[in-house]
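Novice: First the structure, then my questions, so here it is.
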Amino acid sequence: MSTALFSEPQTPLEESARMSLVQEFLKFLPDESVLHVDEDLLPYESDGLSVYRQKPPVVVLPETIEQVQTILRICSARQIPVVARGAGTGLSGGALPLVNGIVLGMAKFNKIVHIDEQARTAVVQPGVRNLAISEAASDFNLYYAPDPSSQIACTIGGNVAENSGGVHCLKYGLTVHNVLQVKAITIQGDLITLGGTCLDSPGYDLLGVLHGSEGMLAVTVEITVKLLPKPSSTKLLMAAFDSVEQAGDAVAAIIGSGIIPAGLEMMDKPAIIAAEAFAQCGYPTDAEALFLCELDGTAEEVADQISKVETLIRNNGVTRLHVAGDETERLLLWKGRKSAFPAVGRLSPDYYCIDGTIPRRHLSTVLQRMNEWSEQYGLRIANVFHAGDGNLHPLILFDGNVEGELERTEELGGKILELCVEVGGTITGEHGVGMEKINQMCVQFGSDEITQFHALKNAFDPDALLNPGKAIPTLNRCAEFGALHVHHGELPHPDIERF
Amino acid sequence: MTSAEQNQDIGEQLQQQVAEAYSRGQPLNICGGSSKSFLGVGSNAHPIHTTEHRGIVSYEPTELVITARSGTLLSTLNRVLADQNQMLPFEPPAYSANATLGGTMACALSGPARPYAGAARDYALGCRIINGQAQSLRFGGEVMKNVAGYDVTRLMTGAMGTLGLILDFSLKVLPLPEYQLTLACPSSVEDALHKMQALGGKSQPVTAAAWIDGTLYTRLAGARSAVIASAATLDGDPLTDDPAISAQFWTDLREHQHKFFQQSAPLWRISVPPLTPPLEIKGDCLYDWAGMQRWLFSTDDAATIRSTAQSAGGHAQLFRADDQLKALVGVFHPPGDHLMNLHRNIKQEFDPAGLFNPSRLYADL
Ligand SMILES: Cc1cc2nc3c(=O)[nH]c(=O)nc-3n(C[C@H](O)[C@H](O)[C@H](O)COP(=O)(O)OP(=O)(O)OC[C@H]3O[C@@H](n4cnc5c(N)ncnc54)[C@H](O)[C@@H]3O)c2cc1C
């Protein structure tokens, strides 16, 4: 699979063109900001999805807006593709380099420009780490709400490009709900400002469109985020169940009752065992399913809601119910969940993280089907979910050194995503399509939608130079994958050659 | 109305009408309930009606998601949600009993809850549209987290129908608050602006704040215990003991039924950053959204109003005025050259023949 990532042939940049590009960059960038020898390029070969690797011909590390503009103008003039990169924690190959393009590393844009305590906003550069914003805002009793599990490492620029979520997005929203304004550079080198510090801006919602666009529309150079007051009270409740189904029913009962928890995270038995072994956080390892339900707000509100939630959970077959006694215990219980990935990573030489979303009512059907496939493929699966919003993260355990096991894992992953679409969900809740799920895009969308996506990109980037080949498949590729979503029983584009 | 009439899908007929218009190059004026036909610059393009395309397609209260056809009445949607103790959190104004879901999302107006609960675009999950080449397309979906493909749903939200005809829309919904109370407190406008902004920075169940003619009004909503505890710590007295009367006050404000709106000068909607002091523009001004949305009746000239708003970091929209003035000065604040180019490119990619709502948003779209 990783050998044939792109269906269109990728012609590597000629050595002479590569060196002339390097010379041109060195005219306005210091030596250490233009990487072009193998050992310097190595760290940029992959993002968090390390099964896909490609050495980039050149990496540039600008630190001013003008430098980014010049780089993009040069690439535009020479028709060189550009892959923007934050911290490289992406899990779908979004920042995977191209053989014929440069990597535009935004790591040097790492300053928090300004925190406005009264307006409750922070202006930050895109290379600032997600957690650093909340740390800086903490002095003012404020925080930045979206908290991906990778928050110590991932950048806010990457978060905008992926529209990242976190365990608290059920109540506080995704990145798109918490960003007010973005300054970005188009491939033509123009600085544009999308959104603003008012509560709306005139014209089309281009700020919304930029979110989740995976570096394919513009390069983000400054972001203004909304900060929230820290809630005056927060309580975390842990509930264990004899079946995932019961846990799912309890989740539906809580939300149906009119309570929106700040976070509602669920794990199945393999994930519970792995997390407990890793973090020793007090999870009951005999449980089939467990969820963490966090409630926050004023003290009165939280007290009120916690008693309601306890009643609802008791009515839904809970086997163990526990409210964290203090802040230390609350954080410890979260640590188990937040370290689920590395914890599972210790159980197996490799694991592969899937990211589908389903309407929550189909949870038990989907889990059952996954269990059957897990046996059929001989691959173990541990499940963590953002249960409040139906975002599943099945972690498939495999050993990359066993011949064919990666391929089988990818096939199983693909089937799980297709199942998510079948039950009315989506192939990616928060990790993005990138390179990884490009075939499944053909399952989720028909050829007319895919064509419209390309048209929208064309409005921003007519020569298709920003992260080309990612996120939106070509119709040829879908035909090759054999999965174009068929509308009204008619095969779309019968004129396209099939393979 | 029979249930068949309340629930019918005429998507294919609408697609057919767009296809015919496309083949003839005939511009179309997309009409829902016409409750917001005053918004934007009107045109005499051929009408295409969505009101017959109506009904709830699916609603799962425990998943907080509803999908309905564009011609569904906003009042029907609100009623169906209220039956399950849920609501559209952005409190869209209807402005008339005929308001439909399609127009609500195309205009993307949000009510008093906006600074606290978010805007129309924050609840937009998915949509089905007909583009300018008469293709029926589906974007987004019925789940809250979905990053497959570009976010065309948000692009449609607030596009004033210029990019496509909305067939149906999926929205995130939220529970109705258990209890609400409005506090009224006499206050100068400067004082109110500071108080409103500061209040949002505390962990308090505030869901609306407005200053009208010497009084600061604050709505608290949520768990009853929390509302009562919070009210005890804040300035001001309850407007009424009756939650229904409290709710009516905010409904009147949202629907422009409050007596402030009984004026005849052109009405401007001015959007400014938090803590923007009163602007130097003549006229009568009401401050909603904690001071960030201002309703201004003013006869000052449009250029002055727009440049004053813009120098404060905001923008001004000519909300209600006669057709002549709207045509002369435009309705929506221009977005700047680079962004205007992007608007033109996007319009071209969705509606290459320029069929939908010509000039309604900007003169050259
Ligand atoms: C252990 C682990 C846990 C994770 N948990 C979560 C989670 O809970 N929720 C979640 O949503 N994700 C999660 N992720 C995925 C990942 O962290 C996010 O997608 C994150 O937003 C990526 O940020 P990054 O800075 O690493 O971006 P990168 O991986 O460097 O890039 C991601 C994409 O953004 C583009 N990009 C980066 N910077 C810019 C810019 N300035 N302008 C334009 N485009 C840009 C790139 O081209 C690429 O397409 C997790 C990853 C790991 C490894």
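Novice: Check A:Val344 against each of (1) open to solvent by 70 Å² or more (accessible area, probe 1.4 Å); (2) in a helix (DSSP H, G or I) and name the one condition it does not meet.
Specialist: (1)
Novice: Pick from B:Phe332, B:Phe319: which is of a type in the set (A, V, I, L, M, F, W, C), touching a residue at least 12 places away in the same chain (Cβ under 8 Å), closer than 20 Å to B:Phe90 by Cβ and part of a strand (DSSP E or B)?
Specialist: Only one candidate passes the filter, namely B:Phe319.
Novice: Assess whether B:Leu88 counts as being free of Cβ contacts under 8 Å to residues at least 60 places away in the same chain and either outside the structural domain of B:Gln317 (by TED's automatic domain parsing) or under 20 Å from B:Met156 (Cα atoms) (or both).
Specialist: So B:Leu88 fails the test.
For (1) within 12 Å of another protein chain (Cβ to nearest Cβ); (2) within 16 Å of the ligand (Cβ to nearest atom); (3) hydroxyl-bearing (Ser, Thr, Tyr), each residue gets a yes or a no:
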{"position": "A:Ser307", "(1), (2), (3)": "yes, no, yes"}
{"position": "A:Val323", "(1), (2), (3)": "no, no, no"}
{"position": "A:Leu331", "(1), (2), (3)": "no, no, no"}
{"position": "A:Gly336", "(1), (2), (3)": "no, yes, no"}
{"position": "A:Gly345", "(1), (2), (3)": "no, yes, no"}
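Novice: In the stretch B:60-75, which residues are in contact with a Ser or Thr (Cβ under 9 Å, 6 or more places away or on another chain) and away from chain A (no Cβ under 12 Å)?
Specialist: B:Ile66, B:Ala68, B:Arg69, B:Ser70, B:Gly71, B:Thr72, B:Leu73, B:Leu74
Novice: Consider only pairs whose beta carbons are under 8 Å apart and that are at least six residues apart or on different chains; among these, list those whose first residue lies in the stretch A:144-170 and is farther than 22 Å from A:Gly297 by Cβ and whose second residue is within 6 Å of the ligand (Cβ to nearest atom) and assigned to a helix (DSSP H, G or I).
Specialist: Between residues of the stretch A:144-170 that are farther than 22 Å from A:Gly297 by Cβ and residues that are within 6 Å of the ligand (Cβ to nearest atom) and assigned to a helix (DSSP H, G or I), the close pairs are A:Pro148/A:Asn159; A:Ser149/A:Phe341; A:Ser164/A:Gly158.
Novice: Go over the candidates B:Trp289, B:Trp250 one by one and state the one that is facing chain A (nearest Cβ under 9 Å) and of a type in the set (A, V, I, L, M, F, W, C).
Specialist: Answer to the selection: B:Trp289.
Novice: For residues that are open to solvent by 60 Å² or more (accessible area, probe 1.4 Å), more than 17 Å from A:Val251 (Cβ to Cβ) and either within 14 Å of chain B (Cβ to nearest Cβ) or in contact with a Pro (Cβ under 9 Å, 6 or more places away or on another chain) (or both), tally how many sit in the stretch A:347-368.
Specialist: Qualifying residue count for the region: 1.
Novice: Something else about it: Say whether the condition of being assigned to a helix (DSSP H, G or I) and within 14 Å of another protein chain (Cβ to nearest Cβ) is met by at least one residue in the stretch A:267-280.
Specialist: no
Novice: Select, from B:Gly42, B:Gly33, the only residue that is open to solvent by 20 Å² or more (accessible area, probe 1.4 Å) and either assigned to a loop (DSSP other than H, G, I, E, B) or closer than 16 Å to B:Thr76 by Cα (or both).
Specialist: B:Gly42
Novice: For the stretch A:422-448, which residues satisfy the criterion of being part of a helix (DSSP H, G or I), surrounded by fewer than 24 Cβ atoms within 10 Å (Cβ to Cβ) and facing another protein chain (nearest Cβ under 7 Å)?
Specialist: Residue satisfying the conditions is A:Asp448 alone.
Novice: Restricting attention to the stretch A:187-243, which residues are of a type in the set (Phe, Trp, Tyr) and either in a strand (DSSP E or B) or more than 7 Å from chain B (Cβ to nearest Cβ) (or both)?
Specialist: Once the filter is applied, which keeps residues that are of a type in the set (Phe, Trp, Tyr) and either in a strand (DSSP E or B) or more than 7 Å from chain B (Cβ to nearest Cβ) (or both), the stretch A:187-243 yields only A:Phe241.
Novice: Just wondering, is there one or more residues in the stretch A:85-97 that are more than 12 Å from the ligand (Cβ to nearest atom) and either open to solvent by 30 Å² or more (accessible area, probe 1.4 Å) or under 22 Å from A:Asp31 (Cβ atoms) (or both)?
Specialist: For the stretch A:85-97, residues more than 12 Å from the ligand (Cβ to nearest atom) and either open to solvent by 30 Å² or more (accessible area, probe 1.4 Å) or under 22 Å from A:Asp31 (Cβ atoms) (or both): absent.
Novice: While we're here: Being farther than 23 Å from A:Leu333 by Cα and small (Gly, Ala, Ser) is the filter; apply it to the stretch A:201-254 and report the residue that is nearest to the chain's Cα centre (by Cα).
Specialist: A:Gly212
Novice: Restricting attention to the stretch A:185-201, and to residues there that are under 15 Å from B:Asn341 (Cα atoms) and open to solvent by less than 30 Å² (accessible area, probe 1.4 Å), which single residue is nearest to the ligand (Cβ to nearest atom)?
Specialist: A:Ile185
Novice: I'm told A:Gly173 meets every condition in (1) open to solvent by less than 20 Å² (accessible area, probe 1.4 Å); (2) within 24 Å of A:Trp334 (Cβ to Cβ); (3) of a type outside the set (A, V, I, L, M, F, W, C); (4) more than 16 Å from the ligand (Cβ to nearest atom) except one. Can you identify the failing condition by its number?
Specialist: For A:Gly173, the failing item is (4).
Novice: With the condition kept exactly as written, say whether any residue in the stretch A:109-118 is within 11 Å of the ligand (Cβ to nearest atom), buried (at least 24 other Cβ atoms within 10 Å of the Cβ) and within 27 Å of A:Asp355 (Cβ to Cβ).
Specialist: yes
Novice: Please give the number of the condition B:Tyr116 fails out of (1) more than 9 Å from every other protein chain (Cβ to nearest Cβ); (2) open to solvent by 10 Å² or more (accessible area, probe 1.4 Å); (3) in contact with a Lys or Arg (Cβ under 8 Å, 6 or more places away or on another chain); (4) over 11 Å from B:Leu165 (Cα atoms).
Specialist: Result: B:Tyr116 passes all but (3).
Novice: Also: Given (1) without any contact (Cβ under 8 Å) to a residue 12 or more places away in the chain; (2) touching a His at 6+ places or on another chain (Cβ under 6 Å), identify the lone condition not met by A:Val58.
Specialist: With respect to (1) without any contact (Cβ under 8 Å) to a residue 12 or more places away in the chain; (2) touching a His at 6+ places or on another chain (Cβ under 6 Å), A:Val58 is out only on (1).
Novice: Okay, next question. Suppose we filter B:Leu81, B:Leu73 for residues that are modelled with pLDDT of 95 or more and open to solvent by less than 40 Å² (accessible area, probe 1.4 Å); which single one remains?
Specialist: Answer to the selection: B:Leu81.
Novice: Confirm whether B:Leu171 is within 8 Å of chain A (Cβ to nearest Cβ), among the aliphatic types (A, V, I, L, M) and touching a residue at least 60 places away in the same chain (Cβ under 8 Å).
Specialist: no
Residues are listed down the side, and each one gets a yes or a no for (1) away from the ligand (no atom under 16 Å from the Cβ); (2) out of contact with any Pro (no Cβ under 7 Å at 6 or more places or on another chain):
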| residue | (1), (2) |
| --- | --- |
| A:Gly424 | yes, no |
| A:Gly429 | no, yes |
| A:Gly434 | no, yes |
| A:Lys437 | no, yes |
| A:Met441 | no, no |
| A:Thr451 | yes, yes |
| A:Ala459 | yes, yes |
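Novice: Moving to a separate point now. Could you list, in sequence order, the residues of the stretch B:200-230 that are open to solvent by 20 Å² or more (accessible area, probe 1.4 Å) and either in a loop (DSSP other than H, G, I, E, B) or over 12 Å from B:Tyr287 (Cα atoms) (or both)?
Specialist: Across the stretch B:200-230, the qualifying residues are B:Gly200, B:Gly201, B:Lys202, B:Ser203, B:Gln204, B:Thr207, B:Asp213, B:Gly214, B:Arg224, B:Ser225, B:Ile228, B:Ala229.
Novice: If you don't mind, another one. Which residue pairs have Cβ atoms closer than 8 Å, lie 6 or more positions apart in sequence or on different chains, and pair a first residue in the stretch A:113-137 that is at positive phi with a second residue that is among the basic types (Lys, Arg)?
Specialist: If the second residue must be among the basic types (Lys, Arg), the pairs left are A:Arg120/A:Lys226.
Novice: May I pose another question? Filter the stretch A:154-166 down to the residues that are in contact with a Phe, Trp or Tyr (Cβ under 9 Å, 6 or more places away or on another chain), within 7 Å of the ligand (Cβ to nearest atom) and away from every other protein chain (no Cβ under 11 Å), then identify the one that is farthest from B:Met340 (Cα to Cα).
Specialist: Within the stretch A:154-166, the match that is farthest from B:Met340 (Cα to Cα) is A:Thr155.
The values are calculated or read from the model by the stated rules, or taken from the named source; none is laboratory data. Just so we're clear, the structure is a prediction, and the values are computed from it rather than from any experiment. As a convention, Cβ positions derive from the backbone with ideal geometry for all residues, glycine included, and neighbour counts pool all protein chains shown. The accessibility values were calculated without ligands, DNA or RNA, using every heavy atom of the protein model including side chains. Shrake-Rupley method; radii C 1.70, N 1.55, O 1.52, S 1.80 Å.
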